[in-house]
1. Among the residues of region 97-122, which ones are outside any strand (DSSP E or B) and either within 14 Å of residue 61 (Cβ to Cβ) or at pLDDT 90 or above (or both)?
2. Which of the residues spanning region 115-132 are within 20 Å of residue 66 (Cβ to Cβ) and crowded, with 16+ Cβ neighbours inside 10 Å?
3. Checking the condition out of contact with any helix residue (DSSP H, G or I) (no Cβ under 7 Å at 6 or more places or on another chain), closer than 21 Å to residue 128 by Cα and surrounded by 15 or more Cβ atoms within 10 Å (Cβ to Cβ), which residue from 112, 66 passes?
4. Please go through region 127-148 and give me each residue that is part of a strand (DSSP E or B) and out of contact with any helix residue (DSSP H, G or I) (no Cβ under 9 Å at 6 or more places or on another chain), ordered by number.
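The values are calculated or read from the model by the stated rules, or taken from the named source; none is laboratory data. No experiment lies behind these values; they were computed from the predicted model shown. All Cβ positions, even for glycine, are placed from backbone atoms using ideal geometry, and neighbour counts span all protein chains on display.
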């Protein structure tokens, strides 16, 4: 039924419009999608890695140049919130044609598994990486059962 509606149109033109729209979004920076395989989504600072073991959950935030005392970390209802401010020194006399380093206030919220213990958290900042380790509750850890 609908085939007859588009039989007179060249469908390649619609594909060309989609391609053009995609290129314009990338050019003007309005695309919510990362530009490459290792790129972050826009507005996602600092980049985060989250890993876990049966004993703990480790969150790594990659934020070189931060003052660790200026960071605010909190856990509430299995959500880890990290906020702070990242200031990049710029030469006001320079004419930048590309600036990729994040500058300004940030806030990241990471969902944690249900079995973490919010009372057993460690955070340390070293070499530009903030590592937050949250222990799992003892009752949630796997335990070996012997068969008699």
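1. 102, 112, 113, 114, 115
2. Once the filter is applied, which keeps residues that are within 20 Å of residue 66 (Cβ to Cβ) and crowded, with 16+ Cβ neighbours inside 10 Å, region 115-132 yields 121, 123, 125, 130, 132.
3. That would be 66, the only listed residue that is out of contact with any helix residue (DSSP H, G or I) (no Cβ under 7 Å at 6 or more places or on another chain), closer than 21 Å to residue 128 by Cα and surrounded by 15 or more Cβ atoms within 10 Å (Cβ to Cβ).
4. Hits for region 127-148 are 129, 131, 132, 133, 134, 135, 136.
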